[in-house]
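Remarks on the structure that follows.
Values in this text are rule-based calculations from the coordinates and carry no lab data. Predicted model only: the values in this text are computed from it and were never measured. Here Cβ is always computed from backbone atoms with ideal geometry, including for glycine, and neighbour counts include all displayed protein chains.
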Amino acid sequence: MNYIDMIRSIAGSRPLILTACAVFILDEQGRVLLQHRTDTDNWGVPGGFMEMGESVEEAARREILEETGLTVGKMSLYTVFSGEEFYFKYPNGDEVYNVIVTFMSKDVSGKLQADHEGKDLRYFPLDALPEEMIPTSRRMLEQLRKDPSLPR
């Protein structure tokens with residue numbers, strides 16, 4: 001049983017504070033990799049929740065490998081997203097206040113391949129994101145898009 005399943009067995013669907021990790025993977029054109037998620041049926045930044053004993057870097061690398069088939073090389077810490085606007089209620093009723101540690105990388109290898117958590121994987125320009133997005137991912141990507149330090 002993984003950590004979240006263990007906590008959910010005690011707390012049920014009540015709100016939890018959980019730490020997640022995500023990686024903004026950018027291609028040569030500056031487009032960001034998104035995953036069409038099966039749990040919410042919309043697009044989001046690949047990533048997921050930490051397991052017991054993992055560092056945030058380990059969790060980020062593991063989640064990217066599991067969800068995209070890609071191995072992340074060099075990555076840099078981008079920022080941490082948290083607060084009321086990162087509350088999310090999943091279709092199954094589980095509620096979470098996310099603390100999302102985000103990284104950025106252009107250094108990936110492997111073959112892009114969706115797992116059971118995703119229907120599709122695709123790169124999108126930051127100014128042409130899909131309409132149907134998980135709200136927390138949209139908020140993160142809006143900040144990323146406005147970041148003046150991002151190479152254009």
Quiz item: Across the range 37-69, which residue is farthest from the chain's Cα centre (by Cα) among those that are of a type in the set (D, E) and in a loop (DSSP other than H, G, I, E, B)?
Solution: E54
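Being farther than 16 Å from E67 by Cα and in contact with a Gly (Cβ under 9 Å, 6 or more places away or on another chain) is the filter; apply it to the range 107-133 and report the residue that is surrounded by the fewest Cβ atoms within 10 Å (Cβ to Cβ).
Among them, the one singled out is P125.
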Practice problem: Go through the range 104-151 residue by residue and tally those that are of a type in the set (G, A, S) and without any contact (Cβ under 8 Å) to a residue 12 or more places away in the chain. | Solution: 2
Exercise. Check V80 against each of (1) part of a strand (DSSP E or B); (2) in contact (Cβ under 8 Å) with a residue 24 or more places away in the chain and name the one condition it does not meet.
Key: (2)
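Condition check ((1) closer than 12 Å to R31 by Cα; (2) aromatic (F, W, Y); (3) assigned to a loop (DSSP other than H, G, I, E, B)) across all residues:
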position	(1), (2), (3)
Q113	no, no, yes
K119	no, no, no
P130	no, no, yes
T136	no, no, no
L141	yes, no, no
L144	yes, no, no
